[in-house]
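Only one structure is covered here, and it is reproduced in the block below.
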Amino acid sequence: MRILKWVLGALAVLILLPVLVVAGALAWVNTEGGREFLERQAAGFVPGLRIEGLRGPLPGHLGFARLGYADAEGEWVVLEDGRIDLDLMALT
């Protein structure tokens, strides 16, 4: 019986820990510092991409003040005051 309690406790920790990590990450990216981090990460992964003024609750209704993409010849795509509405349930 003692082993069963230990195994169930370990399973509960293994299940709850990832849930808590994801919840904490979502809470953090919805702060100003988290959004600035996402802007820098996106620019690092896509050379020439620049995102300014990221806003809105993530991951559902992402908005931005300005999104631009540039190459060696200069900026060629600019979107201002944009919004992306994600319906994550539609992906199932």
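Of note:
- One residue from 2, 40 being modelled with pLDDT under 90 and among the basic types (Lys, Arg): 2
Let's see how each residue does on (1) surrounded by 12 or more Cβ atoms within 10 Å (Cβ to Cβ); (2) not hydrophobic (A, V, I, L, M, F, W, C):
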{"position": "16", "(1), (2)": "no, no"}
{"position": "31", "(1), (2)": "no, yes"}
{"position": "59", "(1), (2)": "yes, yes"}
{"position": "73", "(1), (2)": "no, yes"}
{"position": "87", "(1), (2)": "no, yes"}
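- Sole residue being surrounded by 13 or more Cβ atoms within 10 Å (Cβ to Cβ) and of a type outside the set (Gly, Ala, Ser), chosen from 40, 35: 35
- Lone unmet requirement of (1) of a type outside the set (Asp, Glu); (2) surrounded by 12 or more Cβ atoms within 10 Å (Cβ to Cβ); (3) more than 15 Å from the chain's Cα centre (by Cα) for residue 51: (3)
The values are calculated or read from the model by the stated rules, or taken from the named source; none is laboratory data. In this text the structure is predicted, and so the values were computed from the model without any measurement. Methodologically, a virtual Cβ is constructed for each residue, glycine included, from the backbone with ideal geometry; neighbour enumeration extends over all protein chains shown.
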